[in-house]
1. Against the condition more than 27 Å from Ile214 (Cβ to Cβ) and in contact with a Phe, Trp or Tyr (Cβ under 6 Å, 6 or more places away or on another chain), how does Thr252 come out, does it pass?
2. In the list Leu91, Leu70, Leu80, which residue meets the criterion of being aliphatic (A, V, I, L, M) and free of Cβ contacts under 8 Å to residues at least 24 places away in the same chain?
3. Return yes when Leu102 is under 24 Å from His268 (Cα atoms) and at pLDDT 95 or above and no when it is not.
4. Regarding segment 171-193, can at least one residue be identified that is touching a residue at least 60 places away in the same chain (Cβ under 8 Å) and among the aromatic types (Phe, Trp, Tyr)?
5. Within segment 321-339, identify whether any single residue is more than 24 Å from Val137 (Cβ to Cβ), touching a residue at least 40 places away in the same chain (Cβ under 8 Å) and surrounded by fewer than 18 Cβ atoms within 10 Å (Cβ to Cβ), and answer yes or no.
6. Exactly one condition in (1) surrounded by fewer than 17 Cβ atoms within 10 Å (Cβ to Cβ); (2) part of a strand (DSSP E or B); (3) not polar (S, T, N, Q) is not met by Leu33; state its number.
7. Spot the failing condition for Glu270; the list is (1) at pLDDT 95 or above; (2) among the charged types (D, E, K, R); (3) farther than 30 Å from Pro150 by Cβ, and only one is missed.
8. Return the residues of segment 22-47 that are of a type in the set (S, T, N, Q) and over 22 Å from Ser2 (Cβ atoms); say none if nothing qualifies.
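The values are calculated or read from the model by the stated rules, or taken from the named source; none is laboratory data. Everything quoted here is computed from the prediction, not taken from an experiment. Neighbour counts are summed over all protein chains in view; Cβ atoms, including those assigned to glycine, are modelled from backbone coordinates with ideal geometry.
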Amino acid sequence: MSSVIPVTLPHTSYKIIIDANALESLGQQLTSLQLGQKILVISNAEIFNYYGETVINSLTQMGFEVFSHLIPAGETYKTLDSISQIYDTALKHRLERSSTLLALGGGVIGDMTGFAAATWLRGINFIQVPTSLLAMVDASIGGKTGVNHPQGKNLIGAFYQPRLVFIDPIVLKTLPLREFRAGMAEVIKYGVIWNPNLFKQLETAEKLDSLDNIDSEIIKEIITQSCQAKVDVVSQDEKEVGLRAILNYGHTIGHAIESLTGYREINHGEAVAVGMVAAGKIAVKLGMWTEEMTTRQDNLIQKASLPLTINDTLNPQDILEILQLDKKVKAGKVRFILPTDIGQVKITENIPPQVIITVLEEMMKIK
């Protein structure tokens, strides 16, 4: 049975449909959206090899004219050059304003497809079909699109909402183990920042490190609750002028580590996990959170086989400098999201740099 989560925003609304074993029904779902005939599917070779034929058959059976464009997998290809290549394919197939770009893949594919859709002909239809856990619960929802700059993650982008997010959890069976765990970092994040019931549900699980260790109904419930948490926040603050910033919990230091390692050594979810550990420790040092709570959080991160420490090849001072380039810097002050309770966080800009350095040094020594 499918779950439908409505996303209601001031200028646009859409649905998130979560339906197991239903990828074949994608074309039917799109017919109600009154899209133009042409759909360009953006994916990478591995995902397209698994699910491209199913998606294209589903779309063509409903009368759509379908083309495809493949981008190599990985964060290193999340660039303006890759966007330019999407434009070339869009031009080749004469995509019009009524046409659609459909993202079939993880967060990188979704971010790039959304940015291309936002900027081609000043905005065409955009559909999200996420295939990674991280994309399902986070990247595909909320309209953040963009690419990386060599000096920072997602510095180039736009807010652009999809017409539909279609999630079939069955595709997780082909997701590499490391990527599944990366997605669990975002799930844990929602428990810490918004949903204490989700946090407690995760605590009851013996392991969170693979699809095989979690019941299929629990997986669907985790995805549904995580999506609902993000929708709750985004519906109140679409353009991140206030509340939505809490979704960056763990991302401030996480993004800095990703950037310093060239987006090659550590993936996004692993970086967020490390960032959450750091945020928890900073909150304890500032008297905002308790040791017991940070231990509970870190136990969940450990259950998902995610990292709790920082590679000692990195320099804390370098991380601090990268933080100054973060999009969330305001008047020269780095904005951190720090926990105050399970299910509650606070946005703060007044963290002494020495506290950050001390926590980073501690996390490098704990091995």
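1. Taking the combined requirement at face value, the residue satisfies it.
2. None of the other options fit; the residue is Leu91.
3. yes
4. no
5. yes
6. The single condition Leu33 does not satisfy is (2).
7. Here Glu270 meets the rest and fails (3).
8. Passing the criteria: Gln37, Ser43, Asn44.
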